[in-house]
Amino acid sequence: MSDNFDRAFSVVVGIEGGYVNDPEDPGGETKYGLSKRANPDLDIKNLTLDQAKDRYLTRYWNPYGLDRLEWGKALLVFDTAVNGGNHQRWYSMYAGYPIKEFAQAFQAEHMLYLASLPGWAHDGRGWARRAFNIYDQAVN
């Protein structure tokens, strides 16, 4: 496990927060950003932070080889893997860009994707704030 993973996990979990069961959230019951829909094997309500960290590492960090990326790019790809979107295609399109240009292009693709989702009317402001927050942390 890398320092970048620990740092990225802290950022994402800080945004995701604790237990929520919003009937308008297509993921359903969610804790630390892990939804019951995407993780039917987890007891979401009783999920511990350590269990969440392990799931993030094995499902959203390691499979994409994010230890090989510099901090900002790793954070952007990790957050998008967690939050949804075609992060692998976007990463391929912009991989050679310096971090600021990469982050701008990558988050622009992510925002277009989010705006196309049916939940945009209900959750779009929060998703946009999240995208700008992650951008800021990736480039600074």
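We did not get these values from a lab; they are worked out from the coordinates using the rules stated. Given the structure is predicted, the values throughout are model-derived calculations rather than measurements. Every residue, glycine as well, gets a Cβ built from its backbone with ideal geometry; the counts of neighbours run over all protein chains shown.
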Hits in region 101-122 - residues which are over 15 Å from the mean Cα position of the chain (by Cα) and either crowded, with 16+ Cβ neighbours inside 10 Å or within 18 Å of Asn4 (Cβ to Cβ) (or both): Phe102
Residue match in region 77-90 (condition: surrounded by fewer than 20 Cβ atoms within 10 Å (Cβ to Cβ) and aromatic (Phe, Trp, Tyr)): no
Candidates Glu70, Glu16, Glu24 - the one that is more than 24 Å from Tyr135 (Cα to Cα) and either buried (at least 18 other Cβ atoms within 10 Å of the Cβ) or of a type in the set (D, E, K, R) (or both): Glu24
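Test Asn46 against the criterion of being among the polar types (S, T, N, Q) and surrounded by 17 or more Cβ atoms within 10 Å (Cβ to Cβ), and give yes or no. Walk me through how you get there before you give the answer.
Numbers: among the polar types (S, T, N, Q): yes; surrounded by 17 or more Cβ atoms within 10 Å (Cβ to Cβ): no.
For Asn46, the condition - among the polar types (S, T, N, Q) and surrounded by 17 or more Cβ atoms within 10 Å (Cβ to Cβ) - is not met.
Across region 1-46, what is the total count of residues that are part of a helix (DSSP H, G or I), within 30 Å of Glu70 (Cβ to Cβ) and in contact (Cβ under 8 Å) with a residue 12 or more places away in the chain?
Step one: filter region 1-46 for residues part of a helix (DSSP H, G or I), giving 3-16, 44-46.
Adding the requirement that they be within 30 Å of Glu70 (Cβ to Cβ) leaves 3-16.
Going one step further and asking which of them are in contact (Cβ under 8 Å) with a residue 12 or more places away in the chain, we end up with 4-5, 7-9, 11-13, 15-16.
So the count comes out to 10.
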Close pairs (9 angstrom Cβ cut-off, 6 or more residues apart or separate chains): under 11 Å from His110 (Cβ atoms) in region 87-99, surrounded by 14 or more Cβ atoms within 10 Å (Cβ to Cβ) and small (Gly, Ala, Ser) anywhere: His87/Ala81; Trp90/Ala105
